[in-house]
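Colleague: Below: one structure in structure tokens.
Bear in mind that the values in this text are calculations on the coordinates, not laboratory data. Keep in mind that what you see is a predicted model, and the values were worked out from it rather than measured. Please note: Cβ atoms are built from the backbone with ideal geometry, for glycine as well, and neighbour counts cover all protein chains shown.
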Amino acid sequence: MTGTLYGLGLGPGDPELLTLKAHRILKSCPVVAYPAPDTGPSFARQIVAPYLTAAQLEVPIIVPMRVERFPAQEIYSQAAEVLARHLDAGADVAVLCEGDPFFYGSFMYLFERLADRYPTEVVPGVSSMMAAAAGLGRPLAARNDVLTVLPGPLDDAILADRIAASGAVAIIKIGRHFSRIRSLIADLGLTAQAGYVERVSLAEQRLMPLAEVAEDVAPYFSMILIYKGAETWHPALASRLGAEQGA
């Protein structure tokens with residue numbers, strides 16, 4: 001008998017957005033693995049820190065935070081073999097994943113290496129995109145709107161084409177690309193229809209119309225939501241966001 005591998009979606013950061021199922025499995029697993037930068041704490045671990053116990057064995061998976069490419073496949077292959085040893089010994093392993101495991105989540109790389117060898121269960125989590133829409137107080141999309149999720153590092157031409165073809169857009173991974181993306185949105189005449197969200201669900205979250213963002217750079221945990229479909233959302237949105245930002 002081997003242990004079971006669990007990929008646990010943790011949500012955007014608020015520990016209370018962890019699902020009941022993820023919480024139950026987390027508490028029962030003797031081994032807990034999570035991605036961690038080579039400098040600083042693991043955000044995934046911080047989310048579940050209130051629920052961890054001293055009896056659990058923690059396995060950090062060190063992933064360098066670099067602009068340039070690094071041997072990611074090698075890192076995940078090595079991590080998979082470490083986790084395999086615990087699974088072979090009969091221990092259940094919970095792998096923590098910010099947001100949702102299969103929505104740009106790192107767990108998918110361990111899944112492809114281990115799921116055909118061990119019993120595996122993936123527990124979905126609240127994505128930051130859903131939390132961002134809730135924070136802004138407007139739906140992501142409605143009726144027959146096409147919602148498109150775009151990574152910020154894409155070229156301007158690709159971004160412009162995809163935005164033009166969609167009724168609603170979520171631009172993620174904006175970080176150091178923020179100034180370029182904001183200029184592109186302005187050129188498309190969509191600034192008034194764009195909302196900016198930063199560190200959603202955390203104590204330091206910021207929610208505001210894109211036009212009110214003063215900085216030229218954005219943190220990693222930020223995104224832009226654009227709605228240009230047929231629905232007219234709450235008319236007080238801009239004033240409410242402005243009031244919250246002022247507070």
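Colleague: Say R0 is 22 Å: what FRET efficiency, to the nearest 0.05, do residue 186 and residue 165 get from their beta-carbon distance? Before the final figure, lay out each step's value.
Modeller: Values: r = 19 Å, r/R0 = 0.86.
Between residue 186 and residue 165 the formula returns 0.70.
Colleague: I've got another one for you. Pull out a ≥ b ≥ c, the square roots of the eigenvalues of the alpha-carbon gyration tensor of the stretch 1-73, then state rounded if a/c is under 1.5, prolate if not and a/b is larger than b/c, and oblate in the remaining case.
Modeller: Numbers: a/c = 1.95, a/b = 1.46, b/c = 1.34.
The shape class here is prolate.
Colleague: As an exercise, use a Förster radius of 25 Å and the Cβ-Cβ distance of residue 56 and residue 112 to find the FRET efficiency, rounded to the nearest 0.05. Mind dumping the intermediate values first?
Modeller: Numbers: r = 25 Å, r/R0 = 1.01.
Efficiency, rounded to the nearest 0.05: 0.50.
Colleague: If you line up the long axis of helix 72-88 against the longest principal axis of the chain, both from Cα atoms, how many degrees apart are they, to the nearest 10?
Modeller: So the inclination is approximately 40 degrees.
Colleague: Still on this structure, please answer the following. Given the C-alpha atoms of the chain, compute the convex hull and give its volume per residue in Å³.
Modeller: Cα-based convex hull of the chain, divided per residue, equals 145 Å³.
Colleague: Take the Cβ-Cβ distance between residue 28 and residue 158 as r, set R0 to 45 Å, and report the resulting FRET efficiency rounded to the nearest 0.05.
Modeller: My answer for the efficiency is 0.55.
Colleague: Sticking with this structure for a sec: Please get the size of the charge dipole for the chain, origin at its Cα centre, with Cβ charges of +1 on Lys and Arg and -1 on Asp and Glu, quoted in debye to the nearest 20. Walk me through the intermediate numbers first.
Modeller: On the way: 20 positive and 26 negative charges, 55 e Å.
That gives the chain a dipole magnitude of about 260 debye.
Colleague: Further, regarding this structure: Report the Cα-based extents of the stretch 5-123 along its three principal axes, largest first, to the nearest Å.
Modeller: 37, 31, 27
Colleague: Further question: Taking θ as phi - 60°, what are the ³J(HN,Hα) couplings along the stretch 10-21 by the Karplus curve (6.51, -1.76, 1.60), each to the nearest whole Hz, with x for Gly and Pro?
Modeller: Along the stretch 10-21, the couplings run 9, x, x, x, 5, x, 6, 8, 5, 6, 4, 5 Hz.
Colleague: Taking only DSSP H segments of four or more residues, each worth -39500 (n - 2.57), what value at 222 nm results for the chain once the sum is divided by all its residues, to the nearest 500 deg cm²/dmol? Intermediate results must be reported in sequence, preceding the final value.
Modeller: Working: 8 runs with 78 residues, N = 247.
Calculated mean residue ellipticity at 222 nm is -9000 deg cm²/dmol.
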